[in-house]
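Below is one structure, written out as structure tokens; comments come after it.
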Amino acid sequence: MPATAALDVAALRADFPILQRTVHDGRPLVYLDNAATTQKPRVVLDRLAAYYGNENANVHRGVHVLSAEGTEAYEHARRSVQRFLGAEHAREVVFTRGTTEAINLVAHGLASFLEEGDEIVVSALEHHANIVPWQMAAERTGARLRVIPVLDTGDLDLSTLDEVITDRTKVVAVTHTSNALGTVVDLAPIVAAARAVGAAVLIDGAQAAPHTTVDVQALGADFFVFSGHKTFGPTGIGALWGREAWLERLPPYQGGGDMIDRVTFEKTTFAGLPAKFEAGTPHVAGGIGLGTALDYLMEVGMDAVEASEHELIGYAEDRLGAVDGLRFVGTPRKRAGAISFVLDGIHPYDAGTVLDRLGIAVRTGQHCAQPVMDRFGVDGTIRASFALYNTPADVDALVEGLATVRTMFG
Ligand code: PMP
């Protein structure tokens, strides 16, 4: 068993209360479903309890002390997101319900600039959340969806970029890291091709934010989105980063309180950034919890997280590769977070059910990426997905569990 580099994983594990629990007759929990959602460190749990127990108030509107404190905590969290993403201004950070809502917000806004004959480019690796909102925008406007194809390795076929991204392209929306296969996409040539034709670029960072240092300046995109619950924060909260000039241009997504400047029955004028995109009472506790989670990650150090996970993923690939009858779905050049595979003659659901009885949580099925499953000719896969608190022992448990699956079904 290799030691995990750069991080004291044992100490980190102690920060996550749920990792101490057992399931099914006292078996230790081996949590390998981090691409679906991550567990929460105690600092986040404590922060949520402290907020509701001691500070709860509506933000941005009260003169009283609780409202002022709540507003300060919520805006502090926005600055944590700003730092985590390397963004220039906190006002470029919009809190959303998660990645899905953030993409819908951008697709809705960009649709107001699209016309018949325009093209929206996505990749063949996208989660449904980065396909369907663009299809809806295309349907409303007469624009057309185009797709960067994927190779058998699970890497995108970048040799097609000149053909797919053209002067008709107005939007390029691609994932940073595939939730289904674990592919880390080589974004630089895609962003460069999009820039060369003046297209707006959105990066779906849902599966990148928990695993790597994000620097939106270096990525060179216009929008970057991610979910709090996949980044050790609460559910129901996420963030959109957008370049200020783009956020100024986009129309509001929802109307209501907090997003206005002046309302009369004749005409309403809107608030400045980021309030323009945050109609109604926000998820104050969620925002504060997300800020706490990101502060925690920045303290651990995302470079160390990435190095440690890289080593663990390599170990997992080696050990899984030696399992009889196991076939990887996707063997990408660079991988983060997830490993997808199938077992000869055994349905992923059956495998997942047996693994669960052994205390091992993996995801089986299509991973909200049906086009990826179609492309690789499978109904679904078994997906083991890792986070900063996983260990080589978790990988060993999975490999032993798969041996049990094979004896039962093989
Ligand atoms: N994009 C990717 C790559 C994802 O993995 C997910 C979640 N599985 C989403 C988008 C959607 O995120 P959420 O459900 O948190 O909005």
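Just to be sure I understand the filter: pairs with C-beta atoms under 6 Å, separated by 6 or more residues or on different chains, first member in region 112-133 and at pLDDT 95 or above and hydroxyl-bearing (Ser, Thr, Tyr), second member in a strand (DSSP E or B) and away from the ligand (no atom under 16 Å from the Cβ). Which pairs pass?
Within 6 Å, no pair qualifies.
Can you pull out the residues in region 118-143 that are over 19 Å from Thr160 (Cβ atoms), assigned to a helix (DSSP H, G or I) and either out of contact with any Pro (no Cβ under 9 Å at 6 or more places or on another chain) or more than 16 Å from the ligand (Cβ to nearest atom) (or both)?
Within region 118-143, Ala129, Val132, Pro133, Gln135, Met136, Ala137, Ala138, Glu139, Arg140, Thr141 meet the criteria.
So that you can scan it fast, the table gives a plain yes or no per residue for (1) within 27 Å of Ala275 (Cα to Cα); (2) surrounded by fewer than 23 Cβ atoms within 10 Å (Cβ to Cβ):
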{"position": "Ala77", "(1), (2)": "yes, no"}
{"position": "Leu125", "(1), (2)": "no, no"}
{"position": "Ile131", "(1), (2)": "yes, yes"}
{"position": "Arg144", "(1), (2)": "no, yes"}
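Picking from Ile339, Ile346, which residue would you name as being over 20 Å from Ala393 (Cβ atoms) and crowded, with 19+ Cβ neighbours inside 10 Å? So that I can check it myself, show each step before the final result.
Values: Ile339 fails: over 20 Å from Ala393 (Cβ atoms).
Only one candidate passes the filter, namely Ile346.
For region 58-65, state whether one or more residues are of a type in the set (A, V, I, L, M), away from the ligand (no atom under 16 Å from the Cβ), outside any strand (DSSP E or B) and not assigned by TED's automatic domain parsing to the domain that holds Ala285. Even if it seems obvious, please write down each step before you answer.
At the first step, the residues of region 58-65 found to be of a type in the set (A, V, I, L, M) are 59, 63, 65.
Next, only the ones that are away from the ligand (no atom under 16 Å from the Cβ) stay: 59, 63, 65.
Now restrict to residues that are outside any strand (DSSP E or B): 59, 63, 65.
So of that shortlist, the ones also not assigned by TED's automatic domain parsing to the domain that holds Ala285 come out as none.
Within region 58-65 (the criterion being of a type in the set (A, V, I, L, M), away from the ligand (no atom under 16 Å from the Cβ), outside any strand (DSSP E or B) and not assigned by TED's automatic domain parsing to the domain that holds Ala285), the answer is no, since none of the residues qualifies.
Would you be able to say whether some residue in region 355-378 is among the hydrophobic types (A, V, I, L, M, F, W, C), in contact with a Pro (Cβ under 9 Å, 6 or more places away or on another chain) and more than 16 Å from the ligand (Cβ to nearest atom)?
yes
Listed here are the residues, each with its yes/no results for (1) crowded, with 22+ Cβ neighbours inside 10 Å; (2) within 23 Å of Ser227 (Cβ to Cβ); (3) among the hydrophobic types (A, V, I, L, M, F, W, C).
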site	(1), (2), (3)
Arg61	no, no, no
Ser67	no, no, no
Glu72	no, no, no
Phe84	yes, yes, yes
Val94	yes, yes, yes
Thr100	no, yes, no
His108	no, yes, no
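Looking for something under 14 Å from Glu126 (Cβ atoms), within 16 Å of the ligand (Cβ to nearest atom) and assigned to a loop (DSSP other than H, G, I, E, B) - is there at least one such residue anywhere in region 211-220?
Within region 211-220, not a single residue is under 14 Å from Glu126 (Cβ atoms), within 16 Å of the ligand (Cβ to nearest atom) and assigned to a loop (DSSP other than H, G, I, E, B).
Just wondering, is there one or more residues in region 328-335 that are within 16 Å of the ligand (Cβ to nearest atom), at positive phi and free of Cβ contacts under 8 Å to residues at least 24 places away in the same chain?
There is no residue in region 328-335 that is within 16 Å of the ligand (Cβ to nearest atom), at positive phi and free of Cβ contacts under 8 Å to residues at least 24 places away in the same chain.
List, please: which pairs have Cβ atoms under 7 Å, are six or more places apart or on different chains, and start with a residue in region 144-165 that is among the aliphatic types (A, V, I, L, M) and part of a loop (DSSP other than H, G, I, E, B) and end with one that is surrounded by fewer than 18 Cβ atoms within 10 Å (Cβ to Cβ) and at pLDDT 95 or above?
Qualifying pairs under 7 Å: Leu151/Asp157; Ile165/Val197.
How many residues, within region 214-249, are among the aliphatic types (A, V, I, L, M) and closer than 13 Å to Thr38 by Cα? Even if it seems obvious, please write down each step before you answer.
So in region 214-249, the residues among the aliphatic types (A, V, I, L, M) come out as 214, 216, 218-219, 221, 225, 237, 239-240, 245, 247.
Add one more test, that the residue is closer than 13 Å to Thr38 by Cα, and what stays is none.
The total comes to 0.
Could you go through region 13-27 and let me know if any residue there is within 16 Å of the ligand (Cβ to nearest atom), of a type outside the set (A, V, I, L, M, F, W, C) and within 23 Å of Gly233 (Cβ to Cβ). Break it down into steps so the answer makes sense when it comes.
Start the filter on region 13-27 by keeping residues that are within 16 Å of the ligand (Cβ to nearest atom), which leaves none.
Checking region 13-27: not a single residue is within 16 Å of the ligand (Cβ to nearest atom), of a type outside the set (A, V, I, L, M, F, W, C) and within 23 Å of Gly233 (Cβ to Cβ).
Which ones in region 166-185 are touching a residue at least 60 places away in the same chain (Cβ under 8 Å) and away from the ligand (no atom under 14 Å from the Cβ)? Don't jump to the end; show me each part of the working.
Going residue by residue through region 166-185, those that are touching a residue at least 60 places away in the same chain (Cβ under 8 Å) are 170-171, 173, 177-185.
Selection gives Lys170, Val171.
Six or more apart or on different chains, Cβ atoms under 8 Å: show the pairs whose first residue is in region 83-94 and in the same structural domain as Gly291 (by TED's automatic domain parsing) and under 10 Å from Arg243 (Cα atoms) and whose second is among the basic types (Lys, Arg) and surrounded by 15 or more Cβ atoms within 10 Å (Cβ to Cβ).
Here the result reads Glu92/Arg243; Val93/Arg78, each pair linking region 83-94 to a residue that is among the basic types (Lys, Arg) and surrounded by 15 or more Cβ atoms within 10 Å (Cβ to Cβ).
Can you tell me which condition Ala193 does not meet? The list is (1) away from the ligand (no atom under 16 Å from the Cβ); (2) surrounded by fewer than 24 Cβ atoms within 10 Å (Cβ to Cβ); (3) farther than 19 Å from Trp134 by Cβ, and all the others hold.
Of (1) away from the ligand (no atom under 16 Å from the Cβ); (2) surrounded by fewer than 24 Cβ atoms within 10 Å (Cβ to Cβ); (3) farther than 19 Å from Trp134 by Cβ, only one is false for Ala193: (3).
Within region 144-160, count every residue that is within 17 Å of Lys334 (Cα to Cα) and either among the β-branched types (Val, Ile, Thr) or not assigned by TED's automatic domain parsing to the domain that holds Ser178 (or both).
Summing the residues that are within 17 Å of Lys334 (Cα to Cα) and either among the β-branched types (Val, Ile, Thr) or not assigned by TED's automatic domain parsing to the domain that holds Ser178 (or both) in region 144-160 gives 2.
Name the single residue that is farthest from Val214 (Cα to Cα) among those in region 82-112 being more than 13 Å from the ligand (Cβ to nearest atom) and assigned to a loop (DSSP other than H, G, I, E, B).
Ranking the candidates gives Ser112 first.
Answer yes or no as to whether Glu115 is in a loop (DSSP other than H, G, I, E, B), of a type in the set (Asp, Glu) and away from the ligand (no atom under 13 Å from the Cβ). Give the derivation first.
Working: in a loop (DSSP other than H, G, I, E, B): yes; of a type in the set (Asp, Glu): yes; away from the ligand (no atom under 13 Å from the Cβ): yes.
Criteria met by Glu115.
Looking at region 230-275, which of the residues that are among the small types (Gly, Ala, Ser) and either crowded, with 22+ Cβ neighbours inside 10 Å or not in a loop (DSSP other than H, G, I, E, B) (or both) is farthest from the ligand (Cβ to nearest atom)? Talk me through it step by step, then tell me what you get.
Going residue by residue through region 230-275, those that are among the small types (Gly, Ala, Ser) are 233, 236, 238-239, 242, 245, 255-257, 271-272, 275.
This time we only want the ones that are either crowded, with 22+ Cβ neighbours inside 10 Å or not in a loop (DSSP other than H, G, I, E, B) (or both), so: 233, 238-239, 242, 245, 275.
Working: Gly233: 11, Gly238: 6, Ala239: 11, Gly242: 17, Ala245: 25, Ala275: 22 Å.
My answer is Ala245.
Among the residues of region 180-200, which ones are within 17 Å of Glu126 (Cα to Cα) and assigned to a loop (DSSP other than H, G, I, E, B)?
Correct list: Ala180, Leu181, Gly182, Val185, Asp186.
The values are calculated or read from the model by the stated rules, or taken from the named source; none is laboratory data. All figures in this text were calculated on a predicted structure; none of them were measured in a lab. Positions of Cβ are generated from backbone atoms using ideal geometry, with glycine treated the same way; all protein chains shown enter the neighbour counts.
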